[in-house]
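Scroll down for the structure; my scribbles are underneath it.
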Amino acid sequence: MSAEEEENAAELKIGDEFLKAKCLMNCEVAIILDHKYEQLQQTSEDPMNQMSQVFEKSLQYVKRFSRYKNPDTVRQVREILSRYQLAEFELCVLGNLCPETVEEAIAMVPSIRSRGRGLDDDAIEKMLHDLSLIKKFD
Amino acid sequence: MFFHIVLERNMQLHPRHFGRDLRPKLVSKLMKDVEGTCSGRHGFIVAITGVENVGNGLIRDGTGFVTFPVKYQCVVFRPFKGEILEAVVTMVNKMGFFAEAGPVQIFVSNHLIPDDMEFQSGDMPNYTTSDGSVKIQKESEVRLKIIGTRVDATEIFCIGTIKDDFLGVISDPTS
């Protein structure tokens, strides 16, 4: 279980499998699950009964904590964040938590400073500014 | 964090389903079998979003059942140590509080709640700062950091902290 012990999201140690996998922001999950829920409603008379508790809880959760509601905005957020050489995981943490200051962003995603990608404070500041602009127009 | 990943599973199908509906039968059985389950490695399987590939079936000796290797895409929720996320408080007591982030339960012990927050009992037990400006109670939304996970066969349980910079209450239900 050594892999388990070394796991630490702050240093981006989340295992190779998940590091390469596609990460989803809460707002993206909301779109996927909503779509699936609608499909279920059409094909079954009792969709509530068809859903697992895990599905139900996840849907409630992502709806409550989605920063962006509009699918176009969600796409824009991903596009903007992907300009900054972030790992998938980092991108999604930032998209989910929407930090407002550089200090807060680094506290949320400590790994953005430690990987030598030349992401200095100015770059992070600009990224947060771009994000806040989208939020305004959502 | 939620992920979109590809998983593989060997599905056993009874011979009575062999026919033109074989694939739909296989897919609906797959959904019934795996959606809502949890494993330590991949976390909670929230929803299957597509089936990539159904391999060649293999007849089981003696039973007539056929095993198909099925590759499918799904949305999973997997919490990580060190991850920061938002959660909803579900229960508060003098030991600390429980919060939920999607399917996962997180416990925050009172040692990991800032020292200036005191436990207040009553019909709405809560943790409150001495000046009363910040309050954690049922239905409060908090931002916390996961510092430990415990995995058993069907559940993942997490320990969290709000005793760090930029963690704590985001909104409380009374305001």
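The values are calculated or read from the model by the stated rules, or taken from the named source; none is laboratory data. These figures come from a predicted structure and were not determined experimentally. All Cβ positions, glycine included, derive from the backbone under ideal geometry; neighbour counts span all protein chains shown. We work out accessible area using only protein heavy atoms, side chains counted, and drop any ligands, DNA or RNA first. Shrake-Rupley method; radii C 1.70, N 1.55, O 1.52, S 1.80 Å.
Miscellaneous remarks
- Pair B:Phe65, A:Thr43: separation of 7 Å Cα→Cβ label points (nm): 2.4
- Surrounding net charge for A:Phe55, when Lys and Arg each add one and Asp and Glu each subtract one, Cβ distance under 10 Å: 0
- Label-point separation in nm, B:Asp164 to B:Arg9, each point 7 Å along Cα→Cβ: 3.3
- Charge tally in the Cβ shell below 12 Å around A:Lys126, where Lys, Arg are +1 and Asp, Glu are -1, A:Lys126 excluded: -4
- The alpha-carbon atoms of region B:14-98, seen along their principal axes, cover 58, 24, 20 angstrom, with the largest extent given first.
- Taking both sides together, the accessible area buried where A meets B is about 3400 Å² for a 1.4 Å probe.
- Counting only other chain Cβ atoms within 10 Å of each residue's Cβ, the peptide A:76-88 averages 0.
- Remark: mean inter-chain Cβ contacts per residue of A:55-64 equal 6, using a 10 Å Cβ-Cβ cutoff to other protein chain atoms.
- Residues losing 40 Å² or more accessible surface upon assembly, region B:1-33, compared with the chain by itself, 1.4 Å: B:Met1, B:Phe2, B:Phe3, B:His4
- Accessible carbon and sulfur surface of region A:71-137 relative to its total accessible area, %, 1.4 Å: 50
- Within chain B, longest stretch free of exposed GluC sites (Glu not before Pro) [DSSP loop, at most 16 other beta carbons within 10 Å]: B:1-138
- With the convex hull drawn over the C-alpha atoms of chain A, the volume per residue is 132 Å³.
- Mean sequence separation of contacting Cα pairs (under 8 Å, at least six apart), scaled by the length of chain A, corresponds to a relative contact order of 28 percent.
- Unsatisfied cross-links (Cα-Cα over 23 Å) in the set A:Lys20/A:Lys136; B:Lys81/B:Lys135; A:Lys69/A:Lys136; A:Lys36/A:Lys135; A:Lys36/B:Lys71; A:Lys136/B:Lys135: A:Lys20/A:Lys136; B:Lys81/B:Lys135; A:Lys36/A:Lys135; A:Lys136/B:Lys135
- Approximate spin-label separation B:Glu52-B:Thr174, in nm, with each point projected 7 Å along Cα-to-Cβ: 5.1
- Amide N proximity, region B:77-91 versus A:Glu6 label position 7 Å along Cα-to-Cβ, cut-off under 20 Å: B:79-83
- Each of the GluC sites (Glu not before Pro) that DSSP puts in a loop and that has at most 15 other Cβ atoms within 10 Å breaks chain A; the longest unbroken stretch is A:46-99.
- Other residues lying with their Cβ under 11 Å from the Cβ of B:Ser109 contribute a combined charge of +2, Lys and Arg counting +1, Asp and Glu -1.
- Contact order relative to length of chain B, as percent, for alpha carbon pairs under 8 angstrom and 6 or more apart: 21
- For B:150-160, mean number of other protein chain Cβ atoms within 10 Å: 0
- Candidates per trypsin sites (Lys or Arg not before Pro) in region B:30-100, loop by DSSP, up to 15 other Cβ within 10 Å: B:Arg41, B:Arg60, B:Lys94
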